[in-house]
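Scroll down for the structure; my scribbles are underneath it.
Values in this text are rule-based calculations from the coordinates and carry no lab data. Note that the structure is a prediction, hence the values are computed from the model and not measured. All Cβ positions, even for glycine, are placed from backbone atoms using ideal geometry, and neighbour counts span all protein chains on display.
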């Protein structure tokens with residue numbers, strides 16, 4: 001066994017991993033990467049089919065991002081944001097505000113302030129705390145802040161972010177540490193109890209038969225909370241696609257309807273764009289980098305991370321409004337300060353990488369590449385419908401989730417102990433394609449630099465793996 005694999009097995013504890021299973025075999029040790037290709041310590045090559053857990057936008061070892069980090073290294077790698085400013089963080093904040101407020105669409109509230117943190121969990125923690133304290137200050141501290149999020153929501157692993165989540169497998173063990181939040185049905189068309197349509201060989205959103213009961217339940221939830229004389233402080237959501245829930249896509253119009261309901265009840269909107277941001281959900285317009293913009297929804301808090309640096313460094317940001325910012329202004333002795341922060345807030349290397357990534361994203365070459373790749377992905381995915389163990393194929397932009405079932409005609413699920421998704425991904429790895437399942441859902445989320453041939457190999461490996469595992 002390779003020396004680095006031995007070190008890993010002896011000392012490293014991996015996230016979301018049953019380590020007893022991990023210790024049974026030699027792990028793949030990644031040594032290098034270029035574009036969509038990863039190389040292990042034995043020289044074997046793999047395609048990075050999930051962008052290294054949804055982070056890598058432009059491919060590994062991108063010359064423009066490499067150069068930006070190297071230039072910054074000749075100046076300074078990090079200095080504290082507690083009492084000091086720095087050049088790249090200021091430039092990045094300006095560019096993020098610009099991206100969040102496209103000139104072609106003047107919307108309120110305008111997102112004008114940026115609070116930097118370290119990752120998706122902390123970006124959501126910032127939004128949660130700001131919303132909580134803003135509501136207290138603007139409502140005289142009379143009511144206890146209350147939050148509503150979606151069933152099967154996942155918003156991170158810090159205690160506040162976990163409190164917003166509703167996946168028992170991830171969150172139930174920590175219930176004693178959490179504050180209570182409410183949940184409402186997510187629009188999971190494929191397994192919706194209100195969907196009267198029989199299974200077809202198509203995305204369930206295309207043939208669902210219902211009366212938008214999922215929207216009605218949101219209205220009922222807000223109305224019920226209002227009767228308790230304690231309206232919801234905020235409605236928390238991932239726009240267009242719920243990631244860790246199993247790549248659950250929202251039917252067109254759902255987001256606009258439910259956020260309109262939330263607004264009508266005075267709730268703030270917290271958009272978790274950790275996964276969906278920076279062009280991942282496709283291009284409705286070239287200037288659109290965020291999923292909310294597809295349905296003209298402007299949140300009060302926009303949380304971004306993962307792809308912010310192009311997948312190079314841990315960095316996150318929470319964008320909010322001038323109105324929220326002003327609620328924290330006061331004399332020193334009033335203690336209106338936002339008492340929250342991180343050692344690496346506004347880190348110069350992360351900001352430099354992010355600036356380079358945004359510049360790439362806004363370039364004509366990148367825009368056209370994403371348009372072309374999305375089309376190829378849509379076409380190639382169609383070949384998977386021939387497999388009887390593929391129940392649903394869900395694509396938004398450059399995100400795809402393929403749900404595995406025992407029989408597509410009945411939608412019968414594999415039990416988690418059958419490890420259906422894990423087994424398929426293990427076979428895919430042997431065929432040179434790396435991704436990670438969410439239960440019985442196989443995720444494909446290629447870097448934007450992926451070629452047609454590479455994407456075809458990803459789909460081919462998945463098709464062959466499903467056939468091998470369930471023949």
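How long are the semi-axes of the equivalent ellipsoid of the chain, taking √(5λ) for every eigenvalue λ of the Cα gyration tensor, in whole Å from largest down?
34, 29, 21
What relative contact order, as a whole-number percentage, does region 341-471 give when Cα pairs under 8 Å and 6 or more residues apart are counted?
23 percent
Any number yet on Rg/Rh for region 101-253, C-alpha, Kirkwood?
0.99
Report, for the chain, the % of DSSP beta bridges that are antiparallel, rounded to 5.
Taking every DSSP beta bridge with both residues in the chain, the antiparallel ones total about 70 percent.
Could you check the spin-label model distance between residue 80 and residue 422? Points 7 Å from the Cα along Cα→Cβ, value in nm.
4.5 nm
How much length, in nm to one decimal, is gained on full extension between residue 256 and residue 452, taken as 0.36 nm per residue of separation minus their Cα-Cα distance?
Here the answer is 67.2 nm.
Summing -39500 (n - 2.57) over the DSSP H runs of n ≥ 4 in the chain and dividing by its residue number, what mean residue ellipticity at 222 nm do you reach, to the nearest 500 deg cm²/dmol?
The helix-only estimate for the chain comes to -10500 deg cm²/dmol at 222 nm.
Could you state the orientation-averaged shadow area of the convex hull built on the Cα atoms of region 29-169, in nm² to one decimal?
Seen from a random direction, the Cα hull of region 29-169 projects 13.6 nm² on average.
Could you tell me what a quarter of the Cα convex hull surface of region 261-304 works out to, in nm² with one decimal place?
That works out to 3.0 nm².
Between residue 191 and residue 285, what FRET efficiency comes out of the Förster formula 1/(1 + (r/R0)^6) with R0 = 22 Å and r the beta carbon distance, rounded to 0.05?
E(calc), rounded to 0.05, equals 0.10.
Which whole-number percent gives the relative contact order of region 75-361, counting Cα pairs below 8 Å spaced six or more residues apart?
Relative CO of region 75-361 lands at 28 percent.
If each residue's Cβ is checked for other Cβ atoms within 10 Å, how do 78, 294 rank with the fewest at the top?
Fewest to most other Cβ atoms nearby, the residues stand as 78, 294.
Sort out for me the Cα centre separation of region 405-451 from region 1-47, rounded to whole Å.
What the calculation gives is 19 Å, centre to centre.
Return the FRET efficiency for the residue pair residue 340, residue 409: r is the Cβ-Cβ distance, R0 is 35 Å, and the value is rounded to the nearest 0.05.
After rounding to 0.05, the efficiency reads 0.10.
Over region 163-320, what is the percentage of antiparallel beta bridges among all DSSP beta bridges, to the nearest 5?
If I count the DSSP bridges inside region 163-320, around 45 percent turn out antiparallel.
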